[in-house]
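The numbers here are math on the coordinates, done by the rules we state, and not lab data. Since we're looking at a predicted model, the values are computed, not measured. No Cβ is skipped: glycine too gets one built from the backbone with ideal geometry, and neighbour counts run over all protein chains shown.
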Amino acid sequence: MTDRVDARMAKLHVMAALLGIPVDSFFGGHAAAERCGEVSECLRLWDKIKTADGHHQALEYLRELADEPKT
């Protein structure tokens with residue numbers, strides 16, 4: 001049983017690293033679940049973009065949003 005739990009935790013660590021979030025985000029209640037859902041939607045939408053140009057446009061837009069000053 002411990003090996004299975006260790007394997008699952010290892011997968012969570014990989015997923016968290018790929019998403020750029022702490023592992024605790026998977027266990028952090030409503031706000032963390034909402035963020036994970038949003039990240040999941042972004043990945044689903046990314047997968048629906050079929051061209052390199054589309055990926056480039058999406059990344060450029062996200063970079064612009066990320067660089068906007070917080071108000």
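Some observations on this one:
- Applying 1/(1 + (r/R0)^6) with R0 = 22 Å to the Cβ-Cβ distance of ASP53 and LEU19 gives a FRET efficiency near 0.35.
- Loop-located chymotrypsin sites (Phe, Trp or Tyr not before Pro) in the chain whose Cβ has at most 12 other Cβ within 10 Å (DSSP): none
- For the peptides 18-24, 49-55, residues were scored by their other Cβ atoms within 10 Å and the scores averaged per peptide; the highest-first order is 18-24, 49-55.
- Rounded to the nearest 20 debye, dipole of the chain from Cβ charges on Lys, Arg, Asp, Glu: 280 debye
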